[in-house]
Amino acid sequence: MKKLMNVDEVSELLGTDRQRTYGLARLYERTQGKQGLPVIRLGLRQMRFSRSAIERFIGGENTFPDSGNSSQVKEEVAGLAGQVNSANSAN
C-alpha cells in the first residue's frame with residue numbers, strides 16, 4: 001500500500017471534491033498543522049498526503065487544535081517529506 005496519496009485519492013477517500021481537499025490542506029499550512037489535512041508540499045504546486053495521517057484525520061484524531069497529537073502528525077509528515085525530497089534529489 002502506498003504511503004503517500006495525491007489529491008484525487010484523498011478526495012475520493014473523503015468523499016469530497018478536489019477544491020475542498022485543497023482548502024483543507026491550505027488550512028493545515030496556515031494553522032501550522034493545528035487544523036486541516038496534513039500535507040506534504042513537493043515544490044510550489046504539488047501536494048501529497050500521508051495515508052496514515054489521513055486515516056487518523058478521518059478518525060477524528062487531528063481535526064481540532066486541542067487534539068493532543070498534532071506534533072506527532074507534524075513529525076511524521078516532516079519525515080515523509082524528507083524522504084521524498086531525498087529521493088527527488090537522487091534522481
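What follows is calculated from the coordinates using simple rules that are stated; it is not laboratory data. Owing to the predicted nature of the structure, the values given are computational and were not obtained by experimental measurement. Here the Cβ is made from the backbone with ideal geometry for all residues, glycine too, and neighbour counts use every protein chain on show.
Packing, taken as the mean count of other beta carbons within 10 Å per residue, orders the peptides 26-33, 50-57 from highest to lowest as 50-57, 26-33. Count Lys and Arg as plus one, Asp and Glu as minus one, and take only other residues whose Cβ is under 12 Å from that of Gly23; the net charge is then +2.
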